[in-house]
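Worksheet: one structure, shown below.
Readers should treat all values here as calculations from the given coordinates under stated rules, not as data from a laboratory. In this text, all values refer to a predicted model and were calculated from it rather than measured experimentally. For neighbour counting, all protein chains shown are included, and Cβ atoms are generated from backbone atoms with ideal geometry for every residue, glycine included.
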Amino acid sequence: MGMGQQRIMPEGLYAQDKVCRNEEQIVSKLQELELDDLLVQTLRKQAIQLLEAGPFSGLGEIIHRESVPMHTFAKYVFSALLPHDADLAYKVALRAMRLPVLESSASSGDVGHPHHGISIVPSRYPRWFTLGHLESQQCELASTMLTAAKGDMLRLRTVLEVIQKNIHSSSLIFKLAQDAFKIATPADSPPDITLLNVALELGLQVLCVCVCV
C-alpha cells in the first residue's frame, strides 16, 4: 500500500538512491511470498484502488511532475497478477510507464528535435541523479509487457504505443527492439510475426531519430 502512494522525489543523490534501493528491497521480499488466493485477491483489490484513486496514488490518472515513478512496483504487480487477471495487470503496467519529469523537460527543450536521443535532466532544482536507473527500470517494465503479449496483436499494439509515447532514450528503444526480435525468433519454433513487426517499428523509430539528429 505504501509503495503505491504518490510521493515527490527527494533532493540529493543519497536520498534518491535510497528511494530506489528501498523499493527494490521491498519488492524482493514480496517476491518471496507465495501468492495464495487470499493474497491474490488482496493485491487485485489494492491495484484497482490505486488505479481509481485520486492524487494520493502513484497510479492515479494525474501525477505530479516530480512524482517517484512506479516502474519497479508495477513490474512486480504485473507479474503477480498476470496469471490471474491479465486485463488488470496490463492496466497497472501501462499506467505506470509514465515518466512526466522527462515529458515536461522535453517540451521546454530543443523544439527542433522533438524525438531526441539523449534524456534531458530537468534544469530546475532538484536534479534527478538516478534518472538513468529509473529509465532502465521503465525499459524493463516495457520489455516484460512485450514478452507477455507475444502473439496478441491488440496488446502488442497498445504496449508499442505506450513505449513510443513515454520512452525518450533512443538507446533504450533500440534495446527494446532487440529484446522483441529475440523473443520473436526462438530457436525451436517458428518466428512470431506480430512481435517481429513491433521490433521493426521500434528499430525504424530509432533510425528516424538518428537521421533527424
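Couple of notes before you dig in:
- The modelled label-to-label distance for the pair residue 11/residue 27, using points 7 Å beyond Cα in the direction of Cβ, is 2.8 nm.
- Extension gain from residue 161 to residue 133, taking 0.36 nm per residue of separation minus the Cα-Cα distance: 7.9 nm
- Whole-number D in µm²/s for the stretch 36-82 (Stokes-Einstein; Kirkwood sum over Cα pairs; 4 °C, 1.567 mPa s): 113 µm²/s
- Net length available on complete extension from residue 38 to residue 152 is 38.1 nm, with 0.36 nm assigned per residue and the Cα-Cα distance removed.
- Candidates 100, 50, 137 compared by Cα position along the dipole of the chain: farthest toward the positive end lies 100, with charges placed on Cβ.
- Among the chymotrypsin sites (Phe, Trp or Tyr not before Pro) in the stretch 16-93, those located in a DSSP loop and surrounded by at most 13 other Cβ atoms within 10 Å of their own Cβ are 56.
- Neighbour-count order for 196, 141, fewest beta carbons within 10 angstrom listed first: 196, 141
- Residue order, fewest to most surrounding Cβ atoms within 10 angstrom, among 145, 70, 153: 153, 145, 70
- Over 23 Å between alpha carbons, listed pairs 29/165; 91/150; 150/182: 29/165
- Counting only DSSP H runs of at least 4 residues, each contributing -39500 (n - 2.57), and dividing by the residue count of the chain, the helix-based mean residue ellipticity at 222 nm comes to -20000 deg cm²/dmol.
- Projected area averaged over orientations for the chain, convex hull of C-alpha atoms, nm²: 12.5 nm²
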